[in-house]
1. Between residue 108 and residue 131, 0.36 nm times their residue separation minus their Cα-Cα distance comes to what?
2. Distance in nm between label sites at residue 157 and residue 115, each 7 Å beyond Cα in the beta-carbon direction?
3. If each of residue 261 and residue 39 carries a label point 7 Å out from its Cα toward its Cβ, how far apart are those two points in nm?
4. Segment 25-297: percent of C-alpha pairs farther apart than 33 Å?
5. Take the alpha carbon atoms of segment 13-129, find their radius of gyration, then divide it by 2.2 N^0.38 Å using N residues; give the quotient.
6. Kindly state, to the nearest 0.05, the FRET efficiency for residue 326 paired with residue 250, given R0 = 45 Å and r defined as their beta-carbon distance.
7. Given the peptides 270-283, 133-146, 65-78, arrange them by the average over their residues of other C-beta atoms within 10 Å, most packed first.
8. Compute the convex hull volume of the Cα atoms of segment 56-198, divide it by the residue count, and report the result per residue in Å³ as a whole number.
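Nothing in this text is a laboratory measurement; each read-out follows from the coordinates by a stated rule. The structure displayed is predicted, hence computed values, not measured ones. Quick reminder, even Gly has a Cβ in these numbers, built from the backbone with ideal geometry, and neighbours come from all protein chains shown.
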């Protein structure tokens, strides 16, 4: 089999090798940021920790969560319950607990560090736990809470993150292929103005309040002495805790946004869909677990979707199987013909030798079978079979991780 014979199979192999690129996202990450310090901002830290608990409950590991807390309310001398943080006056759940991993703490929570985190502009000395190691197959949830105003968010009452700064950071993420789809949520006064400047693709944005509106706290704990959670975050958590109990939930982002009610939140929560490919309908159809859950457990239906992805994979797999079978068949035929020729030649040689030895004297002898020569044709054939089989194995391994429920 000449090299030109199997080179015709390369287009199929190239197509199959590129198939995983058409798959959905392969990892989920969460960036949870509280930007306020001081005891009277207890609720902002509780907001972030509540989201932290929820994404961990739905399977995102600490290695894929970046948690930024400017103050340690659990160890504050004013805390009547040392070592704990609660988001409800009944104090049923300690948000601080034993499993919390804070990646940026205290004065590490700055605008510069936040932007460097998103854009990966950090030095080699930065540990992996403080880096957002995403790629173009990663879905990213960015949740922020604190004090803000018209197109700015305060960081620890010392500096501000502007809406344009945030927009440019997201654009750098897109250009560097650091996300597949991104959900931006912000709970602060005039929060919706913070996503007004975004211009990068594949972003869904939502905020707690419109221009000139405040973001209100939900309730206070009299023993703690301050408000313990904001209304917007409280009702997001209520939906997530009651409607999205595990990764099998089919609740969508649209269902979550439809749950927003002015009578509950006391401000007009906003949503922005126009940056998302396919617009509002595609954005609203995304599962909540596509951003809040662990992608390894997201169910993928076996029925072909609107893009025909699964049926295309099946056709290509069948074509690959046929190619491998054909190459093996040709290899078998060639091996058979070569063995027959070698046997015939050996028989002829043995007959001649027997005649010569019969004239001289009968002598005991042993027939040694010579090794088959490795011709150029046979070498190319073996290489083709090996390359095709390896490509098939790599494809099946990738599909198993993609299609596995």
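1. Details: separation 23, 0.36 × 23 = 8.28 nm, distance 1.33 nm.
Result for the pair: 6.9 nm of gain on full extension.
2. Result for the modelled spin labels: 2.4 nm.
3. Using points 7 Å along Cα→Cβ, the separation is 3.6 nm.
4. 12
5. On the way: Rg = 17.7 Å, N = 117, 2.2 N^0.38 = 13.4 Å.
So the Cα radius of gyration is 1.32 times the expected 2.2 N^0.38 Å.
6. About 0.55, to the nearest 0.05.
7. Packing order, densest peptide first, comes out as 133-146, 65-78, 270-283.
8. Working: hull volume 19.6 nm³, N = 143.
Spelled out: Cα convex hull of segment 56-198, divided by residues, is 137 Å³.
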